[in-house]
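Notes follow once the structure below has been shown.
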Amino acid sequence: MSTRFLAIFVLILACASAPARAQDVAAPFDGDLQRLAEILGGLHYLRGICGSNEGNKWRNEMQALIDAETPSGERRTRMIAGFNRGYNGFQQTYRSCTPAATVAIRRYIEEGSKISRDLTARYAN
């Protein structure tokens, strides 16, 4: 599901963000990008402690998102900060996989998928 999620999102970004990259101005979907980055950071931490053996999968997804969007300056900084905020927030809360961590993983995957679908519907040509 995450590969499809990323592929859809990359398509959105390729179509919708070219003018924003040129001027490094805030895109109308930057709030959603911030939330998606935070979700990816949270998943990177939680899936690691829950023994998913995915390695850097979620960090790589974040890197692919940055590569697709190619933000610079403050936009790039905000995206990376969102990822780190998601990671650090769960790192401070969970030291091992718990039922609550498993629920958080499920909810984050659902929310990330919803953000991707909404952005596709709103910004895809």
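The values are calculated or read from the model by the stated rules, or taken from the named source; none is laboratory data. Just so it is clear, the structure is predicted and the values come from calculations on it, not from any experiment. FYI the Cβ positions are ideal-geometry reconstructions off the backbone, even for glycines, and counts take in every protein chain you see.
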Just wondering, is there one or more residues in the stretch 67-78 that are within 27 Å of Ala27 (Cβ to Cβ) and at pLDDT 95 or above?
-> no
Exercise. Is it the case that Ser96 is surrounded by fewer than 16 Cβ atoms within 10 Å (Cβ to Cβ), in contact (Cβ under 8 Å) with a residue 12 or more places away in the chain and not in a helix (DSSP H, G or I)?
Worked result: yes
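Residues checked against (1) of a type in the set (Gly, Ala, Ser); (2) under 16 Å from Glu38 (Cα atoms); (3) in contact (Cβ under 8 Å) with a residue 60 or more places away in the chain:
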| residue | (1), (2), (3) |
| --- | --- |
| Ala64 | yes, yes, no |
| Arg85 | no, yes, no |
| Thr102 | no, no, no |
| Arg107 | no, yes, no |
| Gly112 | yes, yes, yes |
| Ala121 | yes, no, no |
Right, Leu36: modelled with pLDDT of 90 or more and either assigned to a helix (DSSP H, G or I) or more than 14 Å from Gly112 (Cβ to Cβ) (or both) or not?
yes
Scanning the stretch 79-88 for residues that are touching a helix residue (DSSP H, G or I) at 6+ places or on another chain (Cβ under 7 Å) and surrounded by fewer than 19 Cβ atoms within 10 Å (Cβ to Cβ) gives Asn84, Arg85
Log entry, pairs with first residue in the stretch 32-55 being over 16 Å from Ala101 (Cβ atoms), second being not in a helix (DSSP H, G or I), beta carbons closer than 8 Å, six or more apart or on different chains, reads Leu33/Ala27
Within the stretch 99-125, the count of residues that are β-branched (Val, Ile, Thr) and surrounded by 14 or more Cβ atoms within 10 Å (Cβ to Cβ) comes to 4
- Query: Residue check: is Pro28 surrounded by 14 or more Cβ atoms within 10 Å (Cβ to Cβ) and outside any helix (DSSP H, G or I)?
  - Reply: no
